[in-house]
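As structure tokens, the structure follows; a few thoughts come after it.
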Amino acid sequence: MTIHDPHRPGDGTVTFRVTGRGVDDIICAVQAPGTDSGEEHQVSRPELPWFAVTDARGVGAMPMLTLTLEGPGAYAECEILTDGAPAVRGTVHGPAATVVFMARAGVS
């Protein structure tokens, strides 16, 4: 996943972080400016804590993180950082929950 725009300040890194229990599936992507989708990275039954770092430069680049939980007591704490600064934080609980977190790159 690499999106470059020489007019955008910052180093353009996006970090996705997930901790918790019972996370069945993680999908992360960075939607490129001017498009409806981005390259997705999917991990089934990830070992937690989990993280990924990618490059996403460009006005309007949008990092997205989708989690699916499974099982009693399932929960996840999630964070998206842009250029090292927290842009989105959230917690989800539930034996069959699905949640999507989105942030604009460079917004913290």
When you check Val53 against the structure, is it part of a loop (DSSP other than H, G, I, E, B), of a type in the set (Val, Ile, Thr) and either open to solvent by 30 Å² or more (accessible area, probe 1.4 Å) or modelled with pLDDT of 95 or more (or both), yes or no?
no
Considering only residues that are surrounded by 14 or more Cβ atoms within 10 Å (Cβ to Cβ), assigned to a loop (DSSP other than H, G, I, E, B) and modelled with pLDDT of 85 or more, which ones fall in segment 1-50?
Gly22, Pro46, Leu48
Which residues, taken from segment 61-96, are over 19 Å from Ser44 (Cβ atoms) and hydroxyl-bearing (Ser, Thr, Tyr)?
Thr82, Thr91
With respect to Ala85, determine if the residue is closer than 14 Å to Ala103 by Cα, crowded, with 19+ Cβ neighbours inside 10 Å and either at pLDDT 90 or above or not acidic (Asp, Glu) (or both).
no
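The values are calculated or read from the model by the stated rules, or taken from the named source; none is laboratory data. Remember, it's a predicted structure, so these values are computed and weren't measured experimentally. Glycine gets a Cβ as well: all are built from the backbone with ideal geometry, and neighbour counts include every protein chain shown. Just so you know, the surface numbers come from the protein's heavy atoms only, side chains and all, with ligands and any DNA or RNA stripped out. Shrake-Rupley method; radii C 1.70, N 1.55, O 1.52, S 1.80 Å.
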